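These notes concern the structure reproduced below.
The values are calculated or read from the model by the stated rules, or taken from the named source; none is laboratory data. All values derive from a computational prediction rather than experimental measurement. Reconstructed Cβ throughout: ideal geometry from the backbone, glycine too, with neighbour counts over all protein chains shown. Areas reflect the complete protein model, heavy atoms only, side chains present, ligands, DNA and RNA absent. Shrake-Rupley method; radii C 1.70, N 1.55, O 1.52, S 1.80 Å.
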Amino acid sequence: MSSRILPQFALLTPQSISEAVDMLAQYQGQVSVLAGGTDLLVWNYIRKVKPTYVLRLSALDDLDYMNYIPGEGLRIGARAKVAQLLEQPEVAGKFPALYESALTFATPQIRNMATVMGNVLRASPAGDCSCAILALGGQVVLQGPDGQRLVDIDDFWISYGVTARKNDELAVELRIPEPTSITRSAFYRLTRVHEDLAKLNVAVRFEMCQNGCRSARISMGCVGPTPLRLKQTEKLLEGVPVTDELLQQVAAAARKEIAPIADQRSTEEYRRQVSGVILTRVIERAAGTHRIAI
Amino acid sequence: MKTKMITLCVNGKDHRFEAPVNRTLLQALRDDLRLTETKYGCGTGECGGCTVLVDGKDSICSCLTLAVEAEGRHITTVGGMTRNGELHPIQVAFIEEGAIQCGYCTPGMIMKTASILANNPTPSEEEIRTGLEGNICRCTGYEKIVQAVQRASQMLDTSQNQKTGGLGT
Ligand SMILES: Cc1cc2nc3c(=O)[nH]c(=O)nc-3n(C[C@H](O)[C@H](O)[C@H](O)COP(=O)(O)OP(=O)(O)OC[C@H]3O[C@@H](n4cnc5c(N)ncnc54)[C@H](O)[C@@H]3O)c2cc1C
């Protein structure tokens with residue numbers, strides 16, 4: 001054999017979303033949904049999950065879409081690939097943080113395979129699109145036997161690898177709200193090479209007006225069990241001009257608010273140290289001309 | 001063992017065979033179809049040795065794709081690049097630029113080049129370098145590989161003008 005053999009499983013190929021939900025309900029808890037497979041089919045991962053059934057989405061072409069709807073925002077179907085984020089002009093123009101997360105995401109091959117939804121459902125603290133989506137705000141649409149429900153991205157990740165999705169639900173769509181004319185966003189990730197996961201990633205979104213930020217959302221990855229919102233730090237930014245002094249306070253607050261661990265990609269101290277530096281750079285980039293130099 | 005009849009279209013030819021459903025595309029190519037030109041490197045989507053082309057355009061890692069998921073798609077491996085015994089301009093460019101040392105990464109590099117040029121026939125050096133991310137050469141021959149992609153781009157551009165060339169599907 002020319003490579004490691006994946007554990008055995010039975011394959012489910014639903015022909016419609018409702019059939020998929022029926023199957024999830026029937027085999028509750030024994031099924032792994034297969035989207036792009038770039039997490040699920042990694043030998044070390046599937047060996048741990050050991051699904052009895054793998055439910056593939058290959059017949060559900062109606063989930064391929066990535067649609068921008070003026071006034072509403074971005075709708076991302078469960079089969080839309082990370083590569084599609086780079087092709088859709090509105091993503092770069094209106095959701096820069098999400099666009100930037102796709103630009104540095106893995107390699108061309110992986111971007112052609114990986115779905116944006118898979119990134120969110122994997123519930124890894126290092127997920128790049130996940131980090132951007134947490135800052136932009138949004139909802140995950142879950143379809144279960146009783147119909148659809150929407151879960152706010154702020155409530156979606158429960159702990160490492162665990163989401164609010166129930167076993168009999170299929171995640172069908174991501175919704176990211178329309179930015180206003182004063183919305184700014186940016187993403188940055190610190191990594192060794194592109195095919196490595198992030199050592200740390202940061203995304204911000206704020207509504208910028210002449211004398212500072214009206215409201216801010218900051219998310220940071222690889223500094224806790226799930227991507228984290230830094231709510232204490234966000235408060236410092238609201239309603240005041242973005243000055244060097246403020247940025248120093250913001251950096252210090254972020255270092256206190258995170259809970260990084262040491263792993264093969266970075267030490268805890270390193271993550272704490274760079275978190276503030278990276279965050280201030282991302283804020284400066286997003287704030288652009290509204291930044292006040294003193 | 002859960003098996004399934006699988007039909008794969010590889011290099012323009014349909015192959016029908018029975019295989020376990022957990023078979024990856026890479027294993028199907030190498031072990032079921034004996035098309036061993038596509039290489040197993042890391043098995044985790046990082047090295048690009050297993051890169052194949054889907055529907056003449058997109059590069060994917062065959063090690064992280066189930067064989068059944070490739071049904072209904074046109075898969076091209078480096079073995080499908082030659083036409084009537086003649087090397088494809090990308091292959092010629094790699095040879096002429098000496099963009100090969102041990103050769104293990106070459107099938108993946110050629111398929112990645114095919115993908116880069118199918119999406120952008122005249123890439124800049126920077127676009128080539130970003131495009132080649134995901135294909136690792138451990139003999140550190142990137143300089144020549146980049147030159148080979150540039151040369152292939154020029155050769156294809158010329159042959160396109162003469163209405164020949166084109167990428168294998
Ligand atoms: C070489 C390599 C490099 C990588 N680099 C990066 C990187 O730079 N940044 C990054 O963030 N990630 C990276 N990853 C991780 C991975 O590519 C992403 O997390 C990707 O977005 C997962 O999407 P997928 O479609 O491949 O998911 P899959 O592997 O198919 O699924 C992931 C998980 O989500 C579940 N799932 C998927 N879709 C649904 C659904 N519709 N409903 C319910 N459950 C669902 C699956 O059951 C599984 O548990 C990398 C992976 C590899 C192999």
Simple SL model, points at 7 angstrom along Cα→Cβ for A:Ile5 and B:Cys139; separation in nm is 3.4
In deg cm²/dmol, rounded to the nearest 500, the helical mean residue ellipticity at 222 nm of chain A, built from -39500 (n - 2.57) for every DSSP H run of length 4 or more, is -9500 deg cm²/dmol
Tilt, helix A:244-257 to longest principal axis of chain A (alpha-carbon atoms), in degrees rounded to tens, equals 40
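Sort B:Met155, B:Met111, A:Met23 from largest to smallest accessible area, using a 1.4 Å probe on the heavy atoms of the protein chains.
Output order, biggest surface exposure first: B:Met155, A:Met23, B:Met111.
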Between the modelled labels at A:Asn44 and B:Arg34 (7 Å from Cα along Cα→Cβ) the distance in nm is 3.6
Quick calc, A:Thr52 & A:Glu87: beta-carbon distance into FRET formula, R0 22 Å, rounding 0.05, result 0.05
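222 nm [θ] for chain B, helices only, -39500 (n - 2.57) per DSSP H run of 4+, per residue, to 500?
On the way: 4 runs with 49 residues, N = 169.
The helix-only estimate for chain B comes to -9000 deg cm²/dmol at 222 nm.
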One finds, for B:Gln160 and B:Val92 with R0 = 22 angstrom and r their Cβ-Cβ distance, a FRET efficiency to the nearest 0.05 of 0.90
Reduced to Cα centres, the span from the range B:92-139 to the range A:226-294 in Å works out to 39
Taking chain A, the lysine pairs whose C-alpha atoms sit under 28 Å apart (8 or more places apart or on different chains) add up to 18
Simple spin-label estimate for A:Asp244/A:Glu269, 7 Å along Cα→Cβ, in nm, reads 2.8
Carbon plus sulfur, as percent of the 1.4 Å-probe accessible area of the range A:61-177, comes to 47
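I'd like the FRET efficiency for B:Thr3 and B:Cys42, computed as 1/(1 + (r/R0)^6) with the beta carbon distance as r and R0 of 25 Å, rounded to 0.05.
The calculated FRET efficiency here is 0.40.
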